[in-house]
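Written out below as structure tokens is the structure these notes cover.
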Amino acid sequence: MNTILLKSLKLLFVWFIAFGVPASAADLRTYPTRPVNLVVPYSAGTATDSLARMLANKLSAEWGQSVIVQNQPGANGTIATAGVARAAPDGYTLIMIAANHVVNTSLYKNLPYDDLKDFRAIARIANAAFALCVNPSMPVKTVAELVELSKRHPGKFNYSSPGNGSPGHLGMEMFKKMSGANLVHIPYRGGAQATADLIGGQVQAGYVVESSAIPQVEAGKLRALVISSKTRSAKLPETPTMAEAGYADAGFVSWVGVAAPAQVPSAIVDKVGADLLKIANSQEGRDYIVRIGLTPFAAPASEFETYMKAEHQKWAKVVKESGATLN
């Protein structure tokens with residue numbers, strides 16, 4: 001062999017050993033060998049944060065390494081998400097993602113990342129349905145009656161949402177497009193005030209996350225016309241689904257899952273995903289998910305990836321048709 005070529009190969013071998021390339025099989029078998037960061041792009045105390053802390057505690061016990069929850073709220077989750085997209089794809093930076101992860105791409109014009117190409121789905125964990133509620137003073141008891149009434153009085157009735165681009169906003173715009181309902185959007189800064197004004201009668205309708213709607217419906221302060229998920233709510237069994245009301249394509253849920261930077265090794269995705277699903281599918285895990293107001297909705301990486309792509313396309317169309325923007 002040519003002496004110069006031989007020397008070059010030796011130098012290349014030394015470079016690979018010194019600076020590394022994709023993790024070795026041994027590295028993957030022993031992963032993790034140091035603490036793992038689990039980024040939550042929302043404030044402490046949210047359902048996603050609570051879920052993240054439960055998962056982190058269980059993973060820490062399983063792995064013998066700390067899983068550290070890092071809350072990084074701001075700009076609808078885009079700041080933290082951009083940081084994770086740039087992180088080393090070594091499995092030591094994971095992120096909790098929710099439905100707005102695939103919606104933000106359509107709401108913001110110049111995001112520094114691609115919601116699908118820059119991330120690797122690991123596991124879907126849970127979802128949250130919404131109840132389309134009206135103030136009890138409204139003379140409607142079905143979604144069909146709401147549509148008919150709003151058409152007879154265009155511009156008279158308002159609906160509240162936690163803000164532009166929120167599931168409550170886009171879900172209602174999707175419903176309006178499919179049903180022809182004439183309801184005026186009143187955006188709020190958060191779900192608490194949006195629901196309070198719906199109860200108070202300042203607005204007449206609105207989507208309320210299921211866990212918040214249940215006590216208000218049971219107390220007679222709100223009337224639930226329909227549930228947004230494919231199945232009826234266990235605690236609001238008399239409330240039909242959107243499909244049962246005749247608008248199957250207007251159904252939706254918010255969801256929560258775990259992802260990583262795009263180039264993370266498949267072996268790590270498989271390991272983390274399997275351990276997450278083990279937790280999410282355990283009776284203790286399912287009970288906890290229900291207790292914080294979510295519905296168990298576990299799925300592996302391949303199914304989660306396909307679901308995210310479908311959600312991306314669905315909400316991109318809704319955002320475009322509604323004209324919603326956060327720029």
Counting only DSSP beta bridges with both residues in the chain, what percent are antiparallel, rounded to the nearest 5?
60
Would you work out which of 325, 302, 59 lies farthest towards the positive end of the dipole of the chain? Charges go on Cβ: Lys and Arg +1, Asp and Glu -1.
325
Filter the cross-link list 109/176; 156/309; 156/221; 221/314 down to pairs whose alpha-carbon distance in this structure exceeds 27 Å.
156/309; 221/314
Sorted by chain and then number, the residues having a modelled amide H within less than 5 Å of the amide H of residue 255, at least 5 places away or on another chain, are 99, 128
Return the label of the correct value of log10 I(q)/I(0) by the Debye sum over Cα atoms at q = 0.06, 0.07, 0.11 Å⁻¹, as calculated from the structure shown, out of (i) -0.28, -0.37, -0.86; (ii) -0.25, -0.33, -0.72; (iii) -0.41, -0.51, -0.87.
(ii)
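Do you know the relative contact order of the chain, to the nearest whole percent, from alpha carbon pairs under 8 angstrom that are 6+ apart?
Relative contact order for the chain comes out at 25 percent.
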Taking trypsin sites (Lys or Arg not before Pro) in a DSSP loop with at most 10 other Cβ atoms within 10 angstrom as exposed, one finds the longest site-free stretch of the chain at 190-327
Taking N as the number of residues in region 130-250, the ratio of its alpha carbon radius of gyration to 2.2 N^0.38 Å works out to 0.93
Treating the beta-carbon of each Lys and Arg as +1 and of each Asp and Glu as -1, no other charges, what is the dipole magnitude of region 130-250 about its Cα centre, to the nearest 20 debye?
160
Which value in nm describes the separation of the simple spin-label points at residue 44 and residue 292, placed 7 Å from the Cα toward the beta carbon?
1.4
Sequence order, region 312-327: Karplus ³J(HN,Hα) from phi using 6.51 cos²θ - 1.76 cosθ + 1.60, θ = phi - 60°, Hz rounded, Gly and Pro as x, gives 4, 5, 4, 6, 4, 5, 5, 4, 4, 5, 7, x, 5, 8, 10, 7
Once label points are set 7 Å from the Cα along Cα→Cβ at both residue 302 and residue 164, what is their separation, rounded to one decimal in nm?
4.1
What nm value, rounded to one decimal, do you get for the distance between residue 110 and residue 238 when each label is placed 7 Å out toward the C-beta?
5.4
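Given only helices, namely DSSP H runs of n ≥ 4 each adding -39500 (n - 2.57), what is the per-residue ellipticity at 222 nm of the chain, to the nearest 500 deg cm²/dmol?
Calculated at 222 nm, the ellipticity per residue is -14000 deg cm²/dmol.
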Which residues' amide hydrogens lie under 5 Å from the amide hydrogen of residue 120, considering only partners 5 or more residues apart or on another chain, with H built in the peptide plane?
260, 262
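Where a number appears in this text, it was derived from the coordinates with a stated rule and is not lab data. What you are looking at is a predicted structure, and each value in this text was computed from that prediction instead of being measured. Because the Cβ atoms are built from the backbone with ideal geometry, glycine has one as well, and the counts that use them run over all protein chains shown.
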